[in-house]
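Peer 1: What follows is a single structure, and I will ask about it in a moment.
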Amino acid sequence: MKKIIIDCDPGIDDSLAIMLALNSPEVQVVGITIVAGNSPAEMGFGNAKKVLDFMGRLDIPVYVGADKPRKREYVNALDTHGEDGLGESFFPDVPGQEIPSETAIEFMRRTLKSGDVSVVALGPLTNLAELIDTDLSAFLSIERLVSMGGNFRSHGNCSPVAEYNYWEDPDSAKVVYDTLFEHGKKIEMVGLDVTREIVLTPQILDDMKQVNPVVGDFVEKITDFYFKFHWEWEHIRGCVINDPLAVAQFIDPSILQGIEAFTEVETGGISLGQTVVDSMGFYRKESNALVFTKVNKKAFWEMFLTRLLGMEASDCKVRFKEIFE
Ligand SMILES: [Ca+2]
């Protein structure tokens, strides 16, 4: 069992990612840390608790970190995620859950020191940049750092060239990428090139409800709003679910393939938040990122569906024919 901290901003797809991690025997979620992003930090805390409550895992601690980006003004993504950050499902708050006095950064400091804990980051990298400021050695002790963020050949989702998590807080993303470079370490960048391939369609959702009505219904309640948003803005029937792919990649590194390259994050101008991936080696710099470009979609869906719905792989292939044919 690999220990992970999920650093996130739930968020609809963050919630699906948490659900996948909790149903995966290969990982032990030692804590969830919240950063301001899709939802404001306090709302993200409440949403994480709602997901943990649904999963019967309120034993997992949740900590709150940065409530705004490093330098820029905070812009939430509630237009995408609904006014409650959870697709306007309006699940009630879980009673008796208070934000702990220990912050996300303090929790990371004491937990990462052991060197056998990884971080799957599903939101802006503000908490990690703060960790670098306060305790570089704790940051460098992260076993594997998988980040949903950025884009290489794919267009952006916040600007023509930028993905939301890095656009929201480009200064923190830059600190993280630069620090990894300085110390000869690598981030696993699960960007839009691969996440765009993962579309939860109305057909898949329908079949999920047939197979497991309890989970299917929960997923429908949190994604319905997201479906409408995608239809309006991306002209897609269904919704792109970015974050679970980062968890899947952590569990099974054969799901994604890519290139190693020196990568920098732009912090100003019209390309704010863009990940500039030096795939051709212009700068002659050591790589600090594993940038994913290809996804084994069938392997992802098999993992996601069997684990969320609690079904065998053979049944999954029969029930979800549209994916596996
Ligand atoms: Ca997220």
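The values are calculated or read from the model by the stated rules, or taken from the named source; none is laboratory data. Just so we're clear, the structure is a prediction, and the values are computed from it rather than from any experiment. Note: ideal-geometry Cβ built from the backbone for every residue, glycine included; neighbour counts use all protein chains shown. Remember, those area values only see protein heavy atoms, side chains included, never the ligands or the DNA or RNA. Shrake-Rupley method; radii C 1.70, N 1.55, O 1.52, S 1.80 Å.
Peer 1: Looking at segment 18-39 only, could you name the residues that are more than 16 Å from the ligand (Cβ to nearest atom), closer than 25 Å to Met208 by Cβ and assigned to a strand (DSSP E or B)?
Peer 2: If the condition is that a residue be more than 16 Å from the ligand (Cβ to nearest atom), closer than 25 Å to Met208 by Cβ and assigned to a strand (DSSP E or B), then Val27 is the only one that fits.
Peer 1: Now for a separate question. Would you check if there is a residue in segment 157-165 being open to solvent by 20 Å² or more (accessible area, probe 1.4 Å), more than 16 Å from the ligand (Cβ to nearest atom) and touching a residue at least 24 places away in the same chain (Cβ under 8 Å)?
Peer 2: Yes, segment 157-165 has at least one match.
Peer 1: I've got another one for you. Exactly one of (1) closer than 24 Å to Ile12 by Cα; (2) within 20 Å of the chain's Cα centre (by Cα); (3) open to solvent by 40 Å² or more (accessible area, probe 1.4 Å) is unmet by Val194. Its number?
Peer 2: Of the numbered conditions (1) closer than 24 Å to Ile12 by Cα; (2) within 20 Å of the chain's Cα centre (by Cα); (3) open to solvent by 40 Å² or more (accessible area, probe 1.4 Å), the odd one out for Val194 is (3).
Peer 1: Filter segment 53-88 down to the residues that are away from the ligand (no atom under 16 Å from the Cβ) and outside any loop (DSSP other than H, G, I, E, B), then identify the one that is surrounded by the most Cβ atoms within 10 Å (Cβ to Cβ).
Peer 2: Out of the qualifying residues, it is Tyr63.
Peer 1: From (1) at pLDDT 95 or above; (2) within 16 Å of the ligand (Cβ to nearest atom); (3) among the polar types (S, T, N, Q); (4) part of a loop (DSSP other than H, G, I, E, B), pick out the condition that doesn't hold for Ser15.
Peer 2: The single condition Ser15 does not satisfy is (4).
Peer 1: Of all residues in segment 21-38, which are surrounded by fewer than 23 Cβ atoms within 10 Å (Cβ to Cβ) and touching a helix residue (DSSP H, G or I) at 6+ places or on another chain (Cβ under 8 Å)? Write out each step before concluding.
Peer 2: So in segment 21-38, the residues surrounded by fewer than 23 Cβ atoms within 10 Å (Cβ to Cβ) come out as 22-31.
Matches in segment 21-38: Leu22, Asn23, Ser24, Glu26, Val27, Val29, Val30, Gly31.
Peer 1: Here is a check on your reading of the model: is Val176 within 15 Å of the ligand (Cβ to nearest atom) and either under 23 Å from Gln249 (Cα atoms) or in contact with a helix residue (DSSP H, G or I) (Cβ under 9 Å, 6 or more places away or on another chain) (or both)? First the steps, then the outcome.
Peer 2: On the way: within 15 Å of the ligand (Cβ to nearest atom): no; either under 23 Å from Gln249 (Cα atoms) or in contact with a helix residue (DSSP H, G or I) (Cβ under 9 Å, 6 or more places away or on another chain) (or both): yes.
In short, no.
Peer 1: If you check Glu168, Glu220, which single one turns out to be touching a residue at least 12 places away in the same chain (Cβ under 8 Å) and crowded, with 20+ Cβ neighbours inside 10 Å?
Peer 2: Working: Glu220 fails: crowded, with 20+ Cβ neighbours inside 10 Å.
Going through Glu168, Glu220 in turn, just one is touching a residue at least 12 places away in the same chain (Cβ under 8 Å) and crowded, with 20+ Cβ neighbours inside 10 Å: Glu168.
Peer 1: Another one. Say we look at segment 1-12 and pick out the residues that are among the aliphatic types (A, V, I, L, M) and either within 13 Å of the ligand (Cβ to nearest atom) or open to solvent by 10 Å² or more (accessible area, probe 1.4 Å) (or both); which of these is farthest from the chain's Cα centre (by Cα)?
Peer 2: Filtering segment 1-12 for residues that are among the aliphatic types (A, V, I, L, M) and either within 13 Å of the ligand (Cβ to nearest atom) or open to solvent by 10 Å² or more (accessible area, probe 1.4 Å) (or both), the one farthest from the chain's Cα centre (by Cα) comes out as Met1.
Peer 1: Looking only at residues that are under 17 Å from Phe250 (Cα atoms) and aliphatic (A, V, I, L, M) in segment 279-325, which one is surrounded by the fewest Cβ atoms within 10 Å (Cβ to Cβ)?
Peer 2: Ranking the candidates gives Ala299 first.
Peer 1: Tell me whether segment 129-146 contains one or more residues that are part of a helix (DSSP H, G or I), in contact with a Lys or Arg (Cβ under 9 Å, 6 or more places away or on another chain) and hydroxyl-bearing (Ser, Thr, Tyr).
Peer 2: Yes, because at least one residue in segment 129-146 is part of a helix (DSSP H, G or I), in contact with a Lys or Arg (Cβ under 9 Å, 6 or more places away or on another chain) and hydroxyl-bearing (Ser, Thr, Tyr).
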